[in-house]
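For reference, the structure is listed below as structure tokens.
The values are calculated or read from the model by the stated rules, or taken from the named source; none is laboratory data. Remember, it's a predicted structure, so these values are computed and weren't measured experimentally. Glycine also receives a Cβ, built like all others from the backbone with ideal geometry; neighbour counts cover every protein chain displayed.
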Amino acid sequence: MNIEVKLNRDQFLIITPEDSRLLNELYVYFSYDVEGAIFSQQYRSGIWDGKQHFFKYRNGDYYGRLAYGLLTELIKYTKLNNHKLIIDDGTLKLFTGELFNYADDMLKFKLRFYQKEAVDKALMRKKCILRLCTSAGKSLIGAYLVKILSDNHKGNSIIVVPTKSLILQFYNDLIEYGIDASLIGKVYADEKNFDRPYVISTWQTLINHLDKLKLFNCLIIDETHGVRGDELYKITKNSHAEYKIGMTGTLPKSPIERLKIQSFLGPKVVDYSTAELSSHGYVSNCNIHRIIITYNSDFNYDYNQMKDVIYNNNYRRQLVRNIVNKVDSSCLILVDKVKKEGLTLFDYLKDKINKKLVFLSGKDNVKIRDMWRQECEASDNLCIIATYGIFSTGIDIKSLKYLLLYSNTKSEIRTLQSIGRALRLHESKITTGAYIFDIVDILKYFEDHSIERLAYYEQEQFKVYDNHMIEGYPIEFTSF
């Protein structure tokens, strides 16, 4: 059966099947259960079916609508059901680019083979997602893309990042790669330089200036996973840029979140894992050292009470102190909460370790954070305690060899993005690789979360070593 596909002005695909009965089939195919929907009053009252619907149509219509970035999902459906797609030229042009003639050393750093593949596919597809593991050098890929497009008179580019810290880091990266600083604009709370050929903005600021998107023919969403679904949807939907590229180290497993990202960006066209790039010598080997603690008490609390008790447990904090004192260079400790986790750990460690200690959170401005990032890069005697929110994603500290995950999490994205902070190549890691310390508490909730993290490690083919500890017994590490 034939299904016609045309692009309308609002960047939606108008889907017209030969038999209108297929509309409901498509409606069901592109529907996904929303987690926690059963607790919604709308669901309980029967107003809402508890699903997210990506394909929309009204009763009596002979056509439906689908975001253009889901064309590949529509193709999967038609192949599965032996239908034939008839796609108009407007839709085909969305995904048909040009492989411009450029040198892979046109900037100060030459592209590696996988980076060149990412640049080429982004240019050819124009709307797509590049999934490359953390430490793969996505900022260099972004720099080549915007420079190539500018050199070929394809207009201005805007790069969207999740935090103010990453604006400054990306800005410095572009300059280091050879792009003139006067051509780069920054857009966040303190600056609004939209009038430059290359602009870097946080999504939090850009969401309030959607009218400015018309200035840019290239939209790059860096750390795509870090933009909340609704905001990313609004930004990409309101942009009519010819080139829309998403870059990330991790994509959400939830089909709803994944398809929201894909709706106005396009399909994933490149996928390089940590294990693959590590085998080629482009990222450091990763050694996960799990510190498994058995406690003397069961701690019969709910999850939040349990966290407050365990994160202030003296034996657990002594383990952290011993790790910090044992490692031979600077280290990063990631926590979730500021007062109950970060500050209490800081107060405990401040006179018990042999390294300079600092605590950073969202309360510290971007220049302070960047100053300590550079200090960590240059020093071998610094211990930074930082919240996941400001240091788990995108922060580049090439020399960072030791990372400690202090606060419990089951999030795949948070776990793998955090680990990525220590996977940059550096001479200090050539023989040993990076060391990641994961504290595993053998307690209700915590143990289940650790099992999920272990699955992520196995998925990424990290080496995993276990150190078993019993509260009250001497602290002896066997794997490092």
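Go through (1) modelled with pLDDT under 95; (2) polar (S, T, N, Q); (3) surrounded by fewer than 23 Cβ atoms within 10 Å (Cβ to Cβ) and name the single condition Asn152 misses.
Answer for Asn152: the failing condition is (1).
Looking at the range 399-410, I want the residues that are under 12 Å from Ile385 (Cα atoms) and have a partner that is assigned to a loop (DSSP other than H, G, I, E, B) and of a type in the set (Phe, Trp, Tyr) with Cβ atoms under 9 Å, at least 6 apart or on another chain. Which pairs are those?
Tyr406/Tyr311; Ser407/Tyr311
When you look at Gly394, is it in a helix (DSSP H, G or I), modelled with pLDDT under 90 and among the small types (Gly, Ala, Ser), yes or no?
In short, no.
Can you tell me which residue is surrounded by the fewest Cβ atoms within 10 Å (Cβ to Cβ) among those in the range 193-214 that are farther than 17 Å from Val227 by Cα and in contact with a His (Cβ under 8 Å, 6 or more places away or on another chain)?
Restricting to residues being farther than 17 Å from Val227 by Cα and in contact with a His (Cβ under 8 Å, 6 or more places away or on another chain), the top hit is Lys214.
Identify, by number, the condition in (1) touching a residue at least 12 places away in the same chain (Cβ under 8 Å); (2) over 26 Å from the mean Cα position of the chain (by Cα); (3) surrounded by fewer than 20 Cβ atoms within 10 Å (Cβ to Cβ) that Tyr311 doesn't meet.
Condition not satisfied by Tyr311: (3).
If a residue has to be surrounded by fewer than 21 Cβ atoms within 10 Å (Cβ to Cβ) and within 20 Å of Ala122 (Cα to Cα) to count, how many in the range 227-237 make the cut?
The qualifying residues number 2.
Can you name every residue in the range 430-480 that is of a type in the set (Phe, Trp, Tyr), under 21 Å from Ile310 (Cβ atoms) and touching a Lys or Arg at 6+ places or on another chain (Cβ under 9 Å)?
Those that are of a type in the set (Phe, Trp, Tyr), under 21 Å from Ile310 (Cβ atoms) and touching a Lys or Arg at 6+ places or on another chain (Cβ under 9 Å): Phe437, Tyr445, Phe446, Phe477.
For the condition among the β-branched types (Val, Ile, Thr) and either assigned by TED's automatic domain parsing to the domain that holds Arg414 or part of a loop (DSSP other than H, G, I, E, B) (or both), what is the one hit in Ile179, Ile158, Ile200?
Being among the β-branched types (Val, Ile, Thr) and either assigned by TED's automatic domain parsing to the domain that holds Arg414 or part of a loop (DSSP other than H, G, I, E, B) (or both) holds for just one of Ile179, Ile158, Ile200, which is Ile179.
For the range 190-218, how many residues are under 14 Å from Lys234 (Cβ atoms), at pLDDT 95 or above and among the aromatic types (Phe, Trp, Tyr)?
0
I'd like to verify a number: residues in the range 74-124 that are free of Cβ contacts under 8 Å to residues at least 12 places away in the same chain and either in contact with a strand residue (DSSP E or B) (Cβ under 8 Å, 6 or more places away or on another chain) or surrounded by 18 or more Cβ atoms within 10 Å (Cβ to Cβ) (or both), how many?
Of the residues in the range 74-124, 1 are free of Cβ contacts under 8 Å to residues at least 12 places away in the same chain and either in contact with a strand residue (DSSP E or B) (Cβ under 8 Å, 6 or more places away or on another chain) or surrounded by 18 or more Cβ atoms within 10 Å (Cβ to Cβ) (or both).
Looking for whichever is part of a loop (DSSP other than H, G, I, E, B), basic (Lys, Arg), in contact with a helix residue (DSSP H, G or I) (Cβ under 9 Å, 6 or more places away or on another chain) and touching a residue at least 24 places away in the same chain (Cβ under 8 Å) here; the options are Lys260, Lys244, Lys253. Which one fits? Walk me through how you get there before you give the answer.
Values: Lys260 fails: part of a loop (DSSP other than H, G, I, E, B); Lys244 fails: part of a loop (DSSP other than H, G, I, E, B).
Lys253 is the lone residue from the list that is part of a loop (DSSP other than H, G, I, E, B), basic (Lys, Arg), in contact with a helix residue (DSSP H, G or I) (Cβ under 9 Å, 6 or more places away or on another chain) and touching a residue at least 24 places away in the same chain (Cβ under 8 Å).
Among the residues of the range 1-45, count how many are β-branched (Val, Ile, Thr) and either closer than 14 Å to Glu73 by Cα or touching a Pro at 6+ places or on another chain (Cβ under 7 Å) (or both).
Going residue by residue through the range 1-45, those that are β-branched (Val, Ile, Thr) are 3, 5, 14-16, 28, 34, 38.
Narrowing the set further to residues that are either closer than 14 Å to Glu73 by Cα or touching a Pro at 6+ places or on another chain (Cβ under 7 Å) (or both) leaves 3, 5, 15, 28.
So the answer is 4.
Please state which of the following conditions Ile291 fails to meet, knowing it meets all the rest: (1) in a loop (DSSP other than H, G, I, E, B); (2) surrounded by 14 or more Cβ atoms within 10 Å (Cβ to Cβ); (3) of a type outside the set (Lys, Arg); (4) in contact (Cβ under 8 Å) with a residue 12 or more places away in the chain.
Evaluating Ile291 over (1) in a loop (DSSP other than H, G, I, E, B); (2) surrounded by 14 or more Cβ atoms within 10 Å (Cβ to Cβ); (3) of a type outside the set (Lys, Arg); (4) in contact (Cβ under 8 Å) with a residue 12 or more places away in the chain leaves (1) as the failure.
Return yes when Val309 is under 17 Å from Asp438 (Cα atoms) and part of a helix (DSSP H, G or I) and no when it is not.
Answer is no for this residue.
Give the residues of the range 397-443 that are in contact with a helix residue (DSSP H, G or I) (Cβ under 8 Å, 6 or more places away or on another chain), over 17 Å from Leu319 (Cα atoms), of a type in the set (S, T, N, Q) and not in a helix (DSSP H, G or I), sorted by residue number.
Ser399, Thr409
Just to be sure I understand, how many residues within the range 336-359 are surrounded by 20 or more Cβ atoms within 10 Å (Cβ to Cβ) and either at pLDDT 95 or above or in a loop (DSSP other than H, G, I, E, B) (or both)?
Selection size over the range 336-359: 3.
So, in the range 48-62, exactly how many residues are surrounded by fewer than 16 Cβ atoms within 10 Å (Cβ to Cβ) and part of a loop (DSSP other than H, G, I, E, B)?
7
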